[in-house]
Amino acid sequence: MNNYIDQFIEYKKTQNLSIHSIKAYKQDLVTFKQYLMQEEYKISDEISLIEYQKHLIQRYKSSTIKRAQITLKMFYQYLKHQNIVSSDYEIILLSVRKEKKLPRTINLHDISSLLEAAYLSAEKTNFQKKNKIRNIAILELLISTGLRISEISKLTLTDFHTDKSILIKGKGKKERILYISSTDTMKSLKTYLSIRSQYNPQSNHFFLNKYGKQLSIFGIENIFDKYKIISMIDTNTTPHYIRHTFATELLNNGASIRDVQELLGHSSITTTQIYTEVSLQRKEHVLNKYNYRNTMQIKTSK
């Protein structure tokens, strides 16, 4: 079987794939070969592919299994094309259930620390001072609206309105309008607009880099990381944790799942519903208020 694997890998190398992908394919196939040898299956046995997938499902997470399935499907298609296995060989891929991962959030104390780090940072040069104003506006917007950093990066001047509304261009070119409810956030955006011209704008984008062009998502991530380090919050925290926290806190404070779906720009409410798993305060509130057992008077002794 080693020859078949080597031939397949050489074939994939002609497709201008990354070294990482080639190594992953080879590792998947070497592991498959070891299983076949251990169980004394032949490569042409249809049952071998099914049993191997069952073996994987019992031991590995869904992402690992799905990657192996992709590799095996390509491998067997290659074997069929090379007449190594019968053209009638049926490539059966078992269904793999994806594990449900709960969104990671950041506690409100850490969010306050992050924002305070930006407001209280001591900047000396004019360049640093104008960046501080821009950075505060970005963090305020991120915290107040739960936007994706890609949505912040894509904002243009015409998307921002002085009536406190902003037009958001989300995933799949879907648009939604959000309202800026925090006066501090609105103030920070207006302050940034008053000095935006200092960046010598070369673009209509709302947030600009030092060259006057659109501030990229990487630029926003770097800004977030800067204040994450200064505020000494969890180093694993990402801007997306803020979005998760935004949604969870809305639910904790009584917002409906439909409202949160609309605010986040989710096309399916199923995506939004995962936040109900995180919203422990909401669960506590519902059970304290509505659980019939709380009001039952049971005689516990004679």
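A few points about this structure:
- Residues of the range 182-202 satisfying the condition of being of a type in the set (S, T, N, Q) and touching a Leu at 6+ places or on another chain (Cβ under 9 Å): Thr185, Ser188, Asn200, Gln202
- Restricting attention to the range 153-170, the residues being touching a helix residue (DSSP H, G or I) at 6+ places or on another chain (Cβ under 8 Å) and outside any loop (DSSP other than H, G, I, E, B) number 6.
- Within the range 117-137, residues that are touching a residue at least 12 places away in the same chain (Cβ under 8 Å) have Cβ atoms under 7 Å from residues that are aromatic (Phe, Trp, Tyr) and buried (at least 18 other Cβ atoms within 10 Å of the Cβ) in these pairs: Ala117/Tyr227; Ala118/Tyr227; Ile133/Tyr192; Arg134/Tyr192; Arg134/Phe207; Ala137/Tyr192, counting only partners at least 6 apart in sequence or on another chain.
- One residue from Glu116, Glu151, Glu140, Glu51 being touching a Leu at 6+ places or on another chain (Cβ under 8 Å) and acidic (Asp, Glu): Glu140
- Neighbours by Cβ (under 8 Å, 6+ apart or cross-chain): first from the range 177-203, farther than 18 Å from Leu147 by Cβ and touching a residue at least 60 places away in the same chain (Cβ under 8 Å); second of a type in the set (Gly, Ala, Ser) and surrounded by 14 or more Cβ atoms within 10 Å (Cβ to Cβ): Tyr199/Gly212
- Residue match in the range 127-147 (condition: on the phi < 0 side of the Ramachandran plot and not in a helix (DSSP H, G or I)): yes
- Residue match in the range 105-113 (condition: farther than 30 Å from Ser63 by Cβ and polar (S, T, N, Q)): yes
- Flag if Ile242 is surrounded by 15 or more Cβ atoms within 10 Å (Cβ to Cβ), modelled with pLDDT of 90 or more and not basic (Lys, Arg): yes
The values are calculated or read from the model by the stated rules, or taken from the named source; none is laboratory data. Since this is a predicted model, take the numbers as computed values, not measurements. Here the Cβ is made from the backbone with ideal geometry for all residues, glycine too, and neighbour counts use every protein chain on show.
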